1. In percent, how large is the relative contact order of chain B, given Cα pairs closer than 8 Å and 6 or more residues apart?
2. Arrange the residues B:36, A:67 by how much accessible surface each exposes, largest first, with a 1.4 angstrom probe.
3. If you average the sequence gap of Cα pairs under 8 Å that are 6 or more apart and divide by the length of the stretch A:35-114, what percent do you get for the contact order?
4. Within the stretch A:16-37, find all residues whose amide N lies under 19 Å from a label point positioned 7 Å from the Cα of residue B:44 along Cα-to-beta-carbon.
5. What are the extents of the Cα atoms of chain B along their three principal axes, in Å, largest first?
6. Calculate the mean, over all residues of peptide A:43-53, of how many other protein chain Cβ atoms lie within 10 angstrom of the residue's Cβ.
7. Applying the Karplus parametrisation 6.51 cos²θ - 1.76 cosθ + 1.60 with θ = phi - 60° to the phi angles of the stretch B:35-47, what ³J(HN,Hα) value in whole Hz is obtained for each residue in order, glycine and proline being reported as x?
8. Report the accessible surface area buried between chains A and B, summing both sides, using a 1.4 Å probe on protein heavy atoms only, in Å² rounded to the nearest 100.
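The values are calculated or read from the model by the stated rules, or taken from the named source; none is laboratory data. What you are looking at is a predicted structure, and each value in this text was computed from that prediction instead of being measured. Every residue, glycine as well, gets a Cβ built from its backbone with ideal geometry; the counts of neighbours run over all protein chains shown. Just so you know, the surface numbers come from the protein's heavy atoms only, side chains and all, with ligands and any DNA or RNA stripped out. Shrake-Rupley method; radii C 1.70, N 1.55, O 1.52, S 1.80 Å.
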Amino acid sequence: GNSVTQMEGPVTLSEEAFLTINCTYTATGYPSLFWYVQYPGEGLQLLLKATKADDKGSNKGFEATYRKETTSFHLEKGSVQVSDSAVYFCALSDQGFGNEKLTFGTGTRLTIIP
Amino acid sequence: DAGVIQSPRHEVTEMGQEVTLRCKPISGHNSLFWYRQTMMRGLELLIYFNNNVPIDDSGMPEDRFSAKMPNASFSTLKIQPSEPRDSAVYFCASSLRQLNTEAFFGQGTRLTVV
């Protein structure tokens, strides 16, 4: 079956530090890959996505590249801000349309210290 | 658009009582998902509908759980009877299946069964 393995948290960084959150996956076929972010007390919001190998998703300074050879989709940001403090979820969907039956990782809680 | 609307935001109930969670998806979306989030198990897909028809309910934990989607603009998740281990945050999400778009999440219902 499908699965997503995320870097264990929590992660605490200083403002302007470089961020990497690792994500690897197992799936049949050719999944679409997503990073969602959850701010305190809110639902999940899509941060970025990639639908095929070598695609790079980017948004708000965050980036992730779909690496089929290593089955990975690591999230990176060059300089984090306090407002980036949230829980980040890696997810995949292999239903073809890229928006069904998302399988989520366990989430990584990120705290940025001023 | 108001986004996915869930009600209530918080629910506290006694063990054995019936609980009904409600969801209004984004207008025009034809896929709807119910997820449960707990510290122990993370995010789990309970059930999803396409064009008001349940497609996959393999994530529904027990017969105590049931979900309906009587029309394109409303869905319910019912737990009867409720148990303390059902305490979690329940999220509803919707998407447009025809395009490779993401799922949009509601703010969730925090359920506490005492």
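1. Numbers: 287 pairs, mean separation 42.3, N = 114.
Worked out over chain B, it gives 37 percent.
2. Reading off the accessible areas and sorting them downward yields A:67, B:36.
3. Working: 143 pairs, mean separation 19.8, N = 80.
Relative contact order of the stretch A:35-114: 25 percent.
4. Once the point is set 7 Å along Cα→Cβ of residue B:44, nothing inside the stretch A:16-37 turns out to lie under 19 Å by backbone N.
5. Sorted largest first, the three principal extents are 41, 27, 26 Å.
6. Numbers: counts 14, 12, 3, 5, 1, 1, 3, 0, 1, 0, 0.
Counting Cβ atoms of other protein chains within 10 Å of each residue's Cβ and averaging gives 4.
7. Whole-Hz 3J(HN,Hα) from phi for the stretch B:35-47: 10, 10, 10, 10, 5, 6, 10, x, 9, 10, 7, 8, 7.
8. Working: alone 6180 and 6550 Å², together 10940 Å².
Buried area (both sides, nearest 100 Å²): 1800 Å².
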